[in-house]
Amino acid sequence: MKQKFTLLVAIFTTLFVVNKSSAQITDLNALKALCPATGAYTFTSGQAMLNGVIISDTINKNVAAANAVVQANGTGAIIYFGKGQGRQYNYGDSISIDLSNWTVTLFKGAVEFQPPTGSTTFPAPVAKGIVVTPKEVTIDEINNNIGTLAYTMVIIHHAVIATTSQIYSGSNNLSDITGTIVLFTSSNSVFKNDSPVTDTIDIIGYPVIFGTIPEFTLRSLSEIQFALPLSFKAFAVEAKGNTALLTWNTANEVNTSKFVIEKSIDGASFSSLNSILSKGKATNNYAFADASNKSGSVAYYRLKSIDKSGSFAYSNVQKVVFSAATKVSAYPNPTLGLTKLSYSISTTDAIARIIGTDGKLVKQVILKAGTNATDLQLSNLAKGVYTVETGNTSVKVIKN
């Protein structure tokens, strides 16, 4: 009987330990949910573990000396070490802290974990150099979702810093096309006296709550990246009769002044046709029509995007062929120099293009409307095989 009783006690003890372990809170969202609106919540012995990655940067000191910011499971919070405790962890440190007798409270709107009063030993990082991928957000999303995004790594694209003090220290404005947020830099930070960049930038950091006002914290100047230039998501040219219809859409269009439409007949030398002002939004759709083409001709188009600063970039080149109801033949062929091109009568002028074996345009002649034959002189060209193109038809001509 005693043996059976001892076995039951052992089983009960084992179940108790398992249940106690499984009940331990380790999810940061669940830990934050215990934070009261007023006062503080105290964790009991063995109740919870604070696991996560430190995302604040103590090297550049743009965080309070007694604080660190921890992120896990898509949320973040502050760790307050206590006065005199100093900086305990740096960014990229993976931590696991037993919260026995710790408290969680709201400090100026932010959830903050505090150790018990008195001397506290903080465990060494579980690992170092952990990379947290920032979430892409707009400033409007931060302002409207600060409760969710506070103290998590984010990246804002195509932002501009506006300052009156000409230095980072204090409050400056950080803006994108969706809104504005305070960019706050501590007077203790390493880069406090540096001058903010004036270019359009991509900026990495984390939003913070200060009372009811959302703010943005930059960890270090190395996390300011110059914004990517405008990119053409799509650019196409289509022949509609003798009209070329150009369509394109863009991304990253926040610093673009205008687009210049350029045209070439040989794919090498381009000239400006027209320009269109930028719509000034992140993404846009555009269209332009060029009705100056002739049947049987070929044209090349490209776009030149010009930034407000004067810098520019080109799109890829698009080739378009304007068909003609013309089938062409040549006689004599081979020829010593002069050959006659024959074709069906067209109601509009067309163009015949003479292409060398290297694919380059060497000559072109106009096939007049109402005619069905034109002399083609090749005497000034080297011996070889040439392709005569008109519309979507062609003929090979041998020059002896």
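The values are calculated or read from the model by the stated rules, or taken from the named source; none is laboratory data. Here the structure is a predicted model, which is why all the values come from computation and not from measurement. A quick note on method: Cβ atoms are made from the backbone with ideal geometry, for glycine too, and the neighbour counts reach across all protein chains shown. Protein only, heavy atoms only, side chains kept; ligands, DNA and RNA dropped before computing areas. Shrake-Rupley method; radii C 1.70, N 1.55, O 1.52, S 1.80 Å.
Quick notes on this one:
- Solvent-accessible area of the chain (1.4 angstrom probe, protein heavy atoms only): carbon and sulfur portion equals 55 percent.
- Shape call, region 42-88: gyration tensor on alpha carbons, a/c limit 1.5: oblate
- Under 17 Å from the Cα of Lys363 - aspartates and glutamates, other chains or at least 8 residues apart: Asp266, Asp349, Asp375, Glu389
- Assigned charges on the beta-carbon of Lys, Arg, Asp, Glu; region 241-342 dipole about Cα centre (debye): 120 debye
- For region 285-400: accessible area per residue (Å², 1.4 Å): 52 Å²
- Electrostatic dipole magnitude of the chain [Cβ: Lys, Arg +1; Asp, Glu -1; Cα centre; debye, to 20]: 1060 debye
- Estimated from helices alone, the mean residue ellipticity of the chain at 222 nm is -2500 deg cm²/dmol (sum of -39500 (n - 2.57) over DSSP H runs with n ≥ 4, per residue).
- When each of Lys233/Lys368; Lys108/Lys279; Lys304/Lys396; Lys128/Lys192; Lys263/Lys396; Lys327/Lys383 is checked by Cα-Cα distance, pairs over 29 Å: Lys233/Lys368; Lys108/Lys279; Lys304/Lys396
- Angle of helix 2-22 to the longest C-alpha principal axis of the chain, folded into 0 to 90 degrees and rounded to 10: 50°.
- Value of relative contact order over region 156-279, rounded to a whole percent, pairs C-alpha under 8 Å and six or more apart: 17 percent
- Solvent-accessible surface of region 108-260, taken per residue with a 1.4 Å probe and all protein chains present: 47 Å².
- Dipole of the chain computed with +1 at Lys/Arg Cβ and -1 at Asp/Glu Cβ about the Cα centre; of Thr26, Ile354, Met153, farthest Cα towards the positive end is Ile354.
- Cβ-placed point charges (K, R +1; D, E -1), dipole of region 16-125 about Cα centre in debye, nearest 20: 200 debye
- Average projected area [Cα convex hull, the chain], square nanometres: 34.2 nm²
- Per residue, the average separation of C-alpha pairs within less than 8 Å and at least 6 apart gives region 252-400 a relative contact order of 21 percent.
- Listed residues Thr58, Leu106, Ile261: farthest to the positive end of the dipole of the chain (Cβ charges): Ile261
- Once the gyration tensor of the Cα atoms in region 104-248 is diagonalised, the equivalent ellipsoid follows with semi-axes of 39, 19, 16 Å, ordered largest first.
- The chain: most fluctuating residue of Leu183, Leu246, Leu336 per GNM, C-alpha cutoff 10 Å: Leu336
- Cα convex hull of region 127-212, projected area averaged across orientations, nm²: 6.6 nm²
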